[in-house]
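Enquirer: Structure below; questions to follow.
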Amino acid sequence: MAIHILAIPHKEESAVRADTSLAVAYSGAVLGWFLSAGVYIAAKWAAAEMPPWTLCFWRLALACAILVPVVRGHYGDMATLLRHRALEVAMVAVLGLTACQGLIYTGLQYTDATTAGILMAICPIITMILAFLLLGERLGLWQALGACLAFAGVLVIVARGEFATLLGLRFNLGELWIIVGALCWGLYTVLLKRLKFDLDRLPLLVLLLGFGALGALPLYLWEVFQDPRSTLDTKGLIALAYVAAPGGALMYYLYNWSVEVLGASRAGLLLYLQTAFVALLAYLLLGESLHRYDLAGAAFIIAGLVVAMALKPPDPVAKPSAG
């Protein structure tokens, strides 16, 4: 989606290029997250005229089509990967792009963009927990405490600050869909790390976008026949133009470029700007406002992220082998 970090591994992480200043690199990365935040706004703004899987299909398909010529020098490597591992690429794409984005767009039919942006900030925590469960990566005391704090923040938001809501299990359906979407993104990130596709980020992204669009196609066709909104009226077409080009292809390109220049760690830290941009744009363009439970939940989530990441113990130094 509009999403948060696109954690596609690369053959090698490059250092900051000598011919690119840090100011330019960070400016490009910040612009990318600003464009990404705009996707939440566009999806919410056009929700009354465009159903979620229609938006999901066309965003992925058009972004893929725009980027295909950009990666023409990698066609041979892309074909080789597809000959040997097409099923794995398809599985990861459907989980991380089709399911994640479709569920977020579905959630935005029932909740506001501000809340959705805050909830998606838990993605790094979810990824950390899944990496511990599925990859056996270390999860220390501080990371576990951070995860608990972030989870408490999620509960505050979905319960809208009302303890009685938790006891009665009366949750907003949209927020639950968004949380499931965040879970899909965490699984997608962990699977990408585990499967280690031997292809550069941008051409791999193009393959994932293509398979993601194919995964969304059946649900899009179902909406064409079942939902009158899939006719794509004015708002729908404007929103689609944004999420496919500036909020899709350009955003993905800027993110991949920023990772190449800054490295994955520094580029990924800028993810949290997306949440702030979503809140700002939702206030300016949609008339949304931050609720007290949003602020309280965001405080818990941010505290959890700080505890889990800033206080992460250093990796143990490997002992030299005998002989």
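Enquirer: Would you confirm whether or not segment 73-87 contains a residue that is β-branched (Val, Ile, Thr) and in contact (Cβ under 8 Å) with a residue 40 or more places away in the chain?
Expert: no
Enquirer: Here is a follow-up. Tell me the residue from Ile157, Ile118, Ile122, Ile129 that is β-branched (Val, Ile, Thr), farther than 21 Å from Val278 by Cβ and assigned to a helix (DSSP H, G or I), please.
Expert: Answer to the check: Ile129.
Enquirer: To continue, here is another question. Name the residue, out of Leu60, Leu119, that is crowded, with 23+ Cβ neighbours inside 10 Å, at pLDDT 85 or above and of a type in the set (A, V, I, L, M, F, W, C).
Expert: Leu60
Here is a yes/no grid of residues against (1) assigned to a helix (DSSP H, G or I); (2) under 13 Å from Leu55 (Cα atoms); (3) among the small types (Gly, Ala, Ser); (4) at pLDDT below 80:
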| residue | (1), (2), (3), (4) |
| --- | --- |
| Tyr252 | yes, no, no, no |
| Val261 | yes, no, no, yes |
| Ser265 | yes, no, yes, yes |
| Leu270 | yes, no, no, yes |
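Enquirer: Which number in (1) in contact (Cβ under 8 Å) with a residue 60 or more places away in the chain; (2) open to solvent by 30 Å² or more (accessible area, probe 1.4 Å) marks the one condition that Leu237 misses?
Expert: (1)
Enquirer: Here's a follow-up. Within segment 70-103, take every residue that is open to solvent by less than 20 Å² (accessible area, probe 1.4 Å) and among the polar types (S, T, N, Q) and give me the one that is nearest to Leu209 (Cα to Cα).
Expert: It comes out as Thr98.
Enquirer: If you don't mind, another one. Return the residues of segment 75-104 that are farther than 24 Å from Leu183 by Cα and among the aliphatic types (A, V, I, L, M); say none if nothing qualifies.
Expert: Selection gives Met78, Ala79, Leu81, Leu82.
Enquirer: Consider segment 187-238. How many of its residues are modelled with pLDDT under 90 and not acidic (Asp, Glu)?
Expert: Of the residues in segment 187-238, 27 are modelled with pLDDT under 90 and not acidic (Asp, Glu).
Enquirer: Next question. Looking at segment 17-34, is at least one residue open to solvent by 10 Å² or more (accessible area, probe 1.4 Å), closer than 30 Å to Val224 by Cβ, modelled with pLDDT of 90 or more and in a helix (DSSP H, G or I)?
Expert: No, segment 17-34 contains no residue that is open to solvent by 10 Å² or more (accessible area, probe 1.4 Å), closer than 30 Å to Val224 by Cβ, modelled with pLDDT of 90 or more and in a helix (DSSP H, G or I).
Enquirer: Cβ-Cβ under 6 Å, sequence separation 6+ or interchain: first residue in segment 269-285 and closer than 14 Å to Val39 by Cβ, partner surrounded by fewer than 21 Cβ atoms within 10 Å (Cβ to Cβ). Which pairs?
Expert: Final answer for the pair search is Phe277/Phe34; Ala282/Glu288.
Enquirer: Quick one: count up the residues across segment 35-70 that are closer than 15 Å to Ala216 by Cα and in a helix (DSSP H, G or I).
Expert: 13
The values are calculated or read from the model by the stated rules, or taken from the named source; none is laboratory data. Predicted model, so just to flag it, every value in this text is computed and none were measured. Reconstructed Cβ throughout: ideal geometry from the backbone, glycine too, with neighbour counts over all protein chains shown. Heavy atoms of the whole protein, side chains included, go into the accessibility calculation; ligands, DNA and RNA do not. Shrake-Rupley method; radii C 1.70, N 1.55, O 1.52, S 1.80 Å.
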